[in-house]
Amino acid sequence: MSKFSRFLLVVVWLLLGICAAPILLGSATFLYLSPNLPSVDALRDVQLQTPLRIYTRDSELIGEFGEMRRTPVKLAELPPLFIKAVLAAEDDSFFHHHGVDVKSLARAASQLLASGHIQSGGSTITMQVAKNYFLTQERTFARKFNEILLALQIEHELAKEEILELYLNKIFLGNRAYGVEAAAEVYYGKPIGELSIAQWAMIAGLPKAPSSNNPIANPERATERRDWILGRMLSLGYIDKSQYDAALQEALGASYHGSVLAVEANHVAEMVRQEMLEKYGPKIYTDGYVAYTTLDGKLQRKAISTVREGLLSYDVRHGYRGPEKKLGGSLTADKTAWMRRLRATPVIGGLLPAVVSNIEARSANVLLANGEIVAINWENGLDTARRFIDEDHRGPAPQTTADIFAVGDLIRVRRNAKNEWELRGIPVLESALISLNADDGAVLSLVGGFDFRQSKFNRITQAQRQPGSGFKPFIYTAALEHGFTAATVVNDAPIVFQDEGMEAAWRPENDTGKFYGPTPLRQALFKSRNVVSVRVLQQLGVETAIDYVQRFGFDKNAIPHNLSVALGSLSVTPMQMARAFAVFANNGYLIEPHVLQRIADRNGAIIFEATPPTACSDCPNTLGVDPALLVDASPAEAIPPNTAPQVLDKRYVFIMDSMLRDVVARGTAEAASSLGRSDMAGKTGTTSGPVDTWFTGYSGGVVTSTWAGFDQNKPMGKDEYGATVALPIWMDFMRVALQGKAERHLRQQPGVVSLRIDPRTGLRAPPEMADAVFEFFTEDNLPGDEGAESAPGLSAPGGASGMSEHDLF
């Protein structure tokens, strides 16, 4: 072989080696990396991290929990022009390449050679899907090779539309927003389909630097990026010149929007979150669970507004507590500092923070957080802003605005019913409201305080407060089952108790400080006579009463074992009170309050549905009645499955219901009779101080309990009662809750009769008595005739008969 031939052969082999080297290197790299690559099949069933969402029963959002805000959407649901904005920003050749854009990779390689480090990755949308779903964010050659190989696999196995949908739902876009739908809600408070071209371009520009260059963190750079994308859309023919010019002129207009809640029910949402966490663990924050509550959106809105109005009304009665902060300065010199402070001050209970910018003799101008300056006229809260001294004393009526506040003071304002701005202060007093379906315990509305942002403490389930006279109905029911009747006459006269455990003698009194002499049990309840209640409990026996009231769901161990329990000295929650009064409302059944109705997984499949035990008001009475008196000879067969336990004899429920209706008709809650319903019943409660004020009542199958008091257990003021604070809140709420609901009266039970009696003695009235009244009795405990020597129809606790007048008087 000649030298030339040998030389030629060497050159050929060298050329072959040079050509084969990249192939061998690529093959080796593929063989090294491919065993560690994940299966692309996983993308077909990908489970995106989606937060827990909680709704009312009518599908209104009340809560969202999870680190990532994400609302997955189908590609077909997205506006085509928005998709083009994304392509213009990230990968305009997406529908033409096979996962890798050689030009982009070459550009990235040249940047690497020029700078010595990786500047841009040259990644296509497919490569970003590979990185976001399977790989880390580290910038290494190995990861980039993996990204390329995965992108090729993805393109081979998935359609372009599937890849694009995965990308648009996965990408992080700043401020906890993952996916484009969540980004639209976070930055603009709207669905992606309702945004403008300029807003689409802004969102399309976020993937490059979502944390540092979003429109909230860096508006200037976000605008620059948006405008560049608009230019790309113009050059690619996605929009015309007029659309481009209009979009450039549009203000960025972005601001942070939290989860858009349709109904304010944060305490309920938190209750559901805790229950879900117990059921399913931490995966509730990522697995897309959807929880539906028993809450009625309309009633919840009303409950929130009535609690707030009730507290604000109390606040006006007791005086203006003054500005929250004295910032000082002037509008001209300090507007920027004022605005900064206003933006950092949250809205509480619908009360907006404002800084006084100017005052006149009987008006003021105030600066709001949005930069607007509004006027407060004298009659809109200035005229009533007497200085708060303490709960029983106020300062003189203000004569001028300068008597109330000064320029630079941080105050609270709101729009009133006339759409005018008025002065208000954040109340220190707290209140809570719980409303249940009396038959199955479904929570219809729940307000745990003035504002969840101010206090996360849920006073419905966590506040242990004394119910005062609100507890008397349970003692009276026990008395009815142990020989007393609604007509039993008890002497309302001074009484003294001395106990070794007491530091001093106890002399129970009525709230008026007066004593009223012989009083029928019915009147004692609707007039809320304390002394009578104590005497009844004394005769009944403390242990007998405590054993009995457990039927209403109260814990025996939490009840004081002394006579003070007759006046509600135990501690209870509003939830417990609502549940206990539901026993009267539903004819004797103990229901279980619940707020969680059903749970769906991310695919909409129902994985839990509540089936609460339900009262059966029309079922036969199964407690304390001779079987011969039952409507059905086989009552057990007539009781539906999953019926709540019957805890009271329906005969006594019927009588107690009539007594509780008298509390509304002619007693301490008479104001509620203005609602015009004859089935309305309940009981006020006021403790010493007064420290706690209550009203718990029911009508039309709805039972509602309202409480008001200071968290610090301090007195509310000498002229405040359950009837002045809690009852107006209850009435305002029930006015709406009962709309469209028919009156619901308990059926008079077999074994209950109505007789004419002398209201002064409780005995049967002779035919000629003109002022006789009708009263209900059980057939086994009827009153005697006038002239009998002992109190009528009584049996002492334990079954002894013949309780004497001396025992009661």
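The values are calculated or read from the model by the stated rules, or taken from the named source; none is laboratory data. All figures in this text were calculated on a predicted structure; none of them were measured in a lab. A quick note on method: Cβ atoms are made from the backbone with ideal geometry, for glycine too, and the neighbour counts reach across all protein chains shown. Surface accessibility is based on the protein's heavy atoms, side chains included, excluding ligands, DNA and RNA. Shrake-Rupley method; radii C 1.70, N 1.55, O 1.52, S 1.80 Å.
Suppose we filter segment 741-751 for residues that are open to solvent by less than 30 Å² (accessible area, probe 1.4 Å) and not small (Gly, Ala, Ser); how many remain?
Qualifying residue count, segment 741-751: 2.
Can you name the residue in segment 437-460 that is of a type in the set (Asp, Glu) and open to solvent by 30 Å² or more (accessible area, probe 1.4 Å) and, of all such residues, is nearest to residue 55 (Cα to Cα)?
The selected residue is 440.
Run residue 793 past the list (1) in contact with a Phe, Trp or Tyr (Cβ under 8 Å, 6 or more places away or on another chain); (2) farther than 27 Å from residue 467 by Cα; (3) at pLDDT 95 or above; (4) not basic (Lys, Arg) and report the number of the one that doesn't hold.
The failed condition is (3).
Residue-by-condition table, conditions (1) at pLDDT 90 or above; (2) surrounded by fewer than 17 Cβ atoms within 10 Å (Cβ to Cβ); (3) touching a helix residue (DSSP H, G or I) at 6+ places or on another chain (Cβ under 8 Å):
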| site | (1), (2), (3) |
| --- | --- |
| 39 | no, yes, no |
| 73 | yes, no, yes |
| 79 | yes, yes, yes |
| 104 | no, no, no |
| 114 | no, yes, no |
| 149 | no, no, yes |
| 153 | no, no, yes |
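Can you name the residue in segment 370-387 that is small (Gly, Ala, Ser) and in a loop (DSSP other than H, G, I, E, B) and is also least open to solvent (accessible area, probe 1.4 Å) among such residues?
Filtering segment 370-387 for residues that are small (Gly, Ala, Ser) and in a loop (DSSP other than H, G, I, E, B), the one least open to solvent (accessible area, probe 1.4 Å) comes out as 385.
Restricting the search to segment 339-361, which residues are surrounded by 15 or more Cβ atoms within 10 Å (Cβ to Cβ) and either without any contact (Cβ under 8 Å) to a residue 40 or more places away in the chain or within 29 Å of residue 303 (Cα to Cα) (or both)?
Of everything in segment 339-361, those that are surrounded by 15 or more Cβ atoms within 10 Å (Cβ to Cβ) and either without any contact (Cβ under 8 Å) to a residue 40 or more places away in the chain or within 29 Å of residue 303 (Cα to Cα) (or both) turn out to be 339, 342, 345, 348, 349, 350, 351, 352, 353, 354.
Can you name the residue in segment 620-651 that is open to solvent by 70 Å² or more (accessible area, probe 1.4 Å) and modelled with pLDDT of 85 or more and, of all such residues, is farthest from residue 442 (Cα to Cα)?
641
Listed here are the residues, each with its yes/no results for (1) free of Cβ contacts under 8 Å to residues at least 24 places away in the same chain; (2) under 28 Å from the mean Cα position of the chain (by Cα); (3) farther than 24 Å from residue 414 by Cβ.
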{"site": "284", "(1), (2), (3)": "no, yes, yes"}
{"site": "291", "(1), (2), (3)": "no, yes, yes"}
{"site": "303", "(1), (2), (3)": "no, yes, no"}
{"site": "307", "(1), (2), (3)": "no, yes, no"}
{"site": "332", "(1), (2), (3)": "yes, no, yes"}
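Check residue 92 against each of (1) outside any loop (DSSP other than H, G, I, E, B); (2) modelled with pLDDT of 90 or more and name the one condition it does not meet.
Evaluating residue 92 over (1) outside any loop (DSSP other than H, G, I, E, B); (2) modelled with pLDDT of 90 or more leaves (1) as the failure.
Filter segment 680-735 down to residues that are surrounded by fewer than 24 Cβ atoms within 10 Å (Cβ to Cβ) and basic (Lys, Arg) and give me whichever is farthest from residue 448 (Cα to Cα).
Looking at the filtered set, the residue picked out is 718.
Among the residues of segment 528-549, is there at least one that is under 35 Å from the mean Cα position of the chain (by Cα), in a loop (DSSP other than H, G, I, E, B) and either surrounded by fewer than 23 Cβ atoms within 10 Å (Cβ to Cβ) or polar (S, T, N, Q) (or both)?
Yes, segment 528-549 has at least one match.
Please identify the pairs in which a residue from segment 392-414 that is at pLDDT 95 or above has its Cβ atom under 7 Å from the Cβ atom of a residue that is part of a strand (DSSP E or B) and hydroxyl-bearing (Ser, Thr, Tyr), counting only partners at least 6 apart or on another chain.
From residues that are at pLDDT 95 or above, the pairs are 401/363; 404/320; 407/357.
Could you list, in sequence order, the residues of segment 199-218 that are part of a helix (DSSP H, G or I) and surrounded by 15 or more Cβ atoms within 10 Å (Cβ to Cβ)?
Listed by number, the residues that qualify are 199, 200, 201, 202, 203, 204, 206, 207.
State the number of residues belonging to segment 427-442 that are in a strand (DSSP E or B) and over 24 Å from residue 618 (Cβ atoms).
5
Of all the residues that make up segment 699-709, how many are among the hydroxyl-bearing types (Ser, Thr, Tyr) and either modelled with pLDDT under 95 or farther than 18 Å from residue 447 by Cβ (or both)?
Result for segment 699-709: 1.
Test of understanding: among 426, 434, 411, which residue is of a type in the set (A, V, I, L, M, F, W, C), open to solvent by 10 Å² or more (accessible area, probe 1.4 Å) and in contact with a strand residue (DSSP E or B) (Cβ under 7 Å, 6 or more places away or on another chain)?
426
Which one of these does residue 397 not meet: (1) aliphatic (A, V, I, L, M); (2) under 30 Å from residue 731 (Cβ atoms); (3) more than 33 Å from the chain's Cα centre (by Cα); (4) open to solvent by less than 30 Å² (accessible area, probe 1.4 Å)?
So the condition that residue 397 fails would be (4).
Can you tell me which of 352, 367 is out of contact with any helix residue (DSSP H, G or I) (no Cβ under 7 Å at 6 or more places or on another chain), part of a strand (DSSP E or B) and closer than 30 Å to residue 258 by Cα?
From the options 352, 367, the qualifying one is 352.
Residue by residue through segment 454-510, note down the ones that are touching a Pro at 6+ places or on another chain (Cβ under 6 Å) and among the β-branched types (Val, Ile, Thr).
460, 489
Would you point out which residue out of 738, 755, 763 is surrounded by 12 or more Cβ atoms within 10 Å (Cβ to Cβ), touching a Gly at 6+ places or on another chain (Cβ under 9 Å) and either within 30 Å of residue 619 (Cβ to Cβ) or modelled with pLDDT under 95 (or both)?
738
Mind listing whichever residues of segment 167-198 are touching a residue at least 60 places away in the same chain (Cβ under 8 Å), within 34 Å of the chain's Cα centre (by Cα) and assigned to a helix (DSSP H, G or I)?
168, 169, 170, 180, 181, 182, 185, 186, 187, 188, 192, 193
Looking at segment 638-664, which of the residues that are part of a helix (DSSP H, G or I) and free of Cβ contacts under 8 Å to residues at least 40 places away in the same chain is farthest from residue 743 (Cα to Cα)?
In this case the residue turns out to be 638.
Condition first: exposed (fewer than 13 other Cβ atoms within 10 Å of the Cβ) and assigned to a loop (DSSP other than H, G, I, E, B). Now tell me which residues in segment 257-284 satisfy that.
Residues satisfying the conditions are 258, 260.
Name the residues in segment 669-679 that are within 20 Å of residue 524 (Cβ to Cβ) and open to solvent by less than 10 Å² (accessible area, probe 1.4 Å), would you?
Answer for segment 669-679, where residues must be within 20 Å of residue 524 (Cβ to Cβ) and open to solvent by less than 10 Å² (accessible area, probe 1.4 Å): 669, 672.
Just to be sure before I move on: is residue 554 within 22 Å of residue 542 (Cα to Cα) and assigned to a loop (DSSP other than H, G, I, E, B) in the structure I sent?
yes
From 681, 708, which residue is closer than 24 Å to residue 743 by Cβ, in contact with a helix residue (DSSP H, G or I) (Cβ under 8 Å, 6 or more places away or on another chain) and among the aliphatic types (A, V, I, L, M)?
Going through 681, 708 in turn, just one is closer than 24 Å to residue 743 by Cβ, in contact with a helix residue (DSSP H, G or I) (Cβ under 8 Å, 6 or more places away or on another chain) and among the aliphatic types (A, V, I, L, M): 681.
Just a yes or no: is a residue in segment 450-470 among the aliphatic types (A, V, I, L, M) and over 30 Å from residue 315 (Cβ atoms)?
Within segment 450-470, not a single residue is among the aliphatic types (A, V, I, L, M) and over 30 Å from residue 315 (Cβ atoms).
Here are 566, 600: which of them is open to solvent by less than 10 Å² (accessible area, probe 1.4 Å), touching a strand residue (DSSP E or B) at 6+ places or on another chain (Cβ under 7 Å) and more than 30 Å from residue 700 (Cβ to Cβ)?
600
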